[in-house]
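Here is the structure we will look at.
The values are calculated or read from the model by the stated rules, or taken from the named source; none is laboratory data. Only a predicted model underlies this, so the values are computations on that prediction, with no experimental measurement involved. Glycine also receives a Cβ, built like all others from the backbone with ideal geometry; neighbour counts cover every protein chain displayed.
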Amino acid sequence: MIRTICFKERRYIEELRILTRATALDCIIDERFDRIVYLIREGDMGLAIGRKGSNIRKMQRVLGKRIEMVEYAPEIEQFTKNVFKPANVIGVAKKSDGKLTVYVSPGDLGIAIGKGGCTIEKARLLLGRYFDIELGEVLEGDDTHA
């Protein structure tokens, strides 16, 4: 998949690299929720977050926006789990209509939705961009969906 990154996104990616020494594969500027979502290279998440979240706080001060980070994974199931963290995703199913249904642990539905639907919106953006699939429903599941 080929996607061009605009100047502002490149600047934010470079800022992350300078401040944290971590590599961001992509950056989404989400004006609706006033945040920047970074897609971090596999294995660089610890470097990007920093000790006790110090790098995220530093980035938020420098850029003046809320920062969210998601670790990249080549498989759709692991990628989806990473997008919805800290909610516990227990299963992912592709439905006949081509949409993806995500099952989370009982009690984690609020975390998976996020305030005002911000986590679901982040998942829609990233899943559409990297796996060309639409997010359908996010439901509470049980162990049968694992």
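Just a few scattered comments:
- Just one residue in the set ARG57, ARG17, ARG51, ARG41 is exposed (fewer than 12 other Cβ atoms within 10 Å of the Cβ) and on the phi < 0 side of the Ramachandran plot; that residue is ARG51.
- In segment 58-91, residue farthest from the chain's Cα centre (by Cα) [restricted to those that are basic (Lys, Arg) and within 13 Å of LEU16 (Cβ to Cβ)]: LYS58
- Taking every residue in segment 86-97 that is more than 21 Å from CYS118 (Cα to Cα) and pairing it with any residue that is assigned to a strand (DSSP E or B), at least 6 positions away or on another chain, the pairs with Cβ-Cβ distances below 7 Å are ALA93/THR101; LYS94/LEU100; LYS95/THR101; LYS95/GLY136.
- Segment 28-73, residues that are free of Cβ contacts under 8 Å to residues at least 12 places away in the same chain and touching a strand residue (DSSP E or B) at 6+ places or on another chain (Cβ under 6 Å): GLN60
- Pick from segment 92-122, criterion hydroxyl-bearing (Ser, Thr, Tyr) and more than 16 Å from ILE76 (Cβ to Cβ), ranking: modelled with the lowest pLDDT: SER96
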